[in-house]
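The values are calculated or read from the model by the stated rules, or taken from the named source; none is laboratory data. As the structure is a prediction and not an experimental result, all values here were calculated from the model. Here the Cβ positions follow ideal geometry from the backbone for every residue, glycine too, while neighbour counts run over all protein chains shown.
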Amino acid sequence: MNMYSYALLEPECYYLVQEKDQEALTLLQVKVIADTSMYIIKYGETMQMEWKKKSDPIFDIIELLSDDVAKAWMKVYYSNEDAYYEEDDD
């Protein structure tokens, strides 16, 4: 069984992680690193920003997204987000 912690994650990088066994994958980005904690953004239907202790467990780090993959994902994510806020012309 793999067990990792948030301390392994680098700032400004995008990661696909599985926080707990049998949970869906989560895309997250580390924004700020302090002495004992990290401020992260989780991307799902909405963005969720939260602090995590560096020692908090991650079941598995699936992938560090390359810059090209992260850019392609951002294009899709933000175009889908805009679709929710467009007004009908009816």
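Counting only residues that are in a loop (DSSP other than H, G, I, E, B) and in contact with a Leu (Cβ under 9 Å, 6 or more places away or on another chain), which one in segment 1-18 is nearest to ASP60 (Cα to Cα)? So, considering only residues that are in a loop (DSSP other than H, G, I, E, B) and in contact with a Leu (Cβ under 9 Å, 6 or more places away or on another chain), the one nearest to ASP60 (Cα to Cα) is LEU9.
Condition check ((1) among the small types (Gly, Ala, Ser); (2) within 16 Å of the chain's Cα centre (by Cα); (3) at pLDDT 95 or above) across all residues:
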position	(1), (2), (3)
THR36	no, no, yes
TYR39	no, yes, yes
TYR85	no, no, no
ASP90	no, no, no
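Look at (1) at pLDDT 85 or above; (2) more than 12 Å from the chain's Cα centre (by Cα); (3) of a type in the set (Asp, Glu) and you find that GLU19 fails only one, number (2).
Here is a list: GLU23, GLU50. Which entry is of a type in the set (D, E, K, R) and either surrounded by 12 or more Cβ atoms within 10 Å (Cβ to Cβ) or part of a loop (DSSP other than H, G, I, E, B) (or both)? When all the criteria are applied, what remains is GLU23. Check segment 60-67 and report whether any residue there is at pLDDT 80 or above and loosely packed, with under 12 Cβ neighbours inside 10 Å. Yes, segment 60-67 has at least one match.
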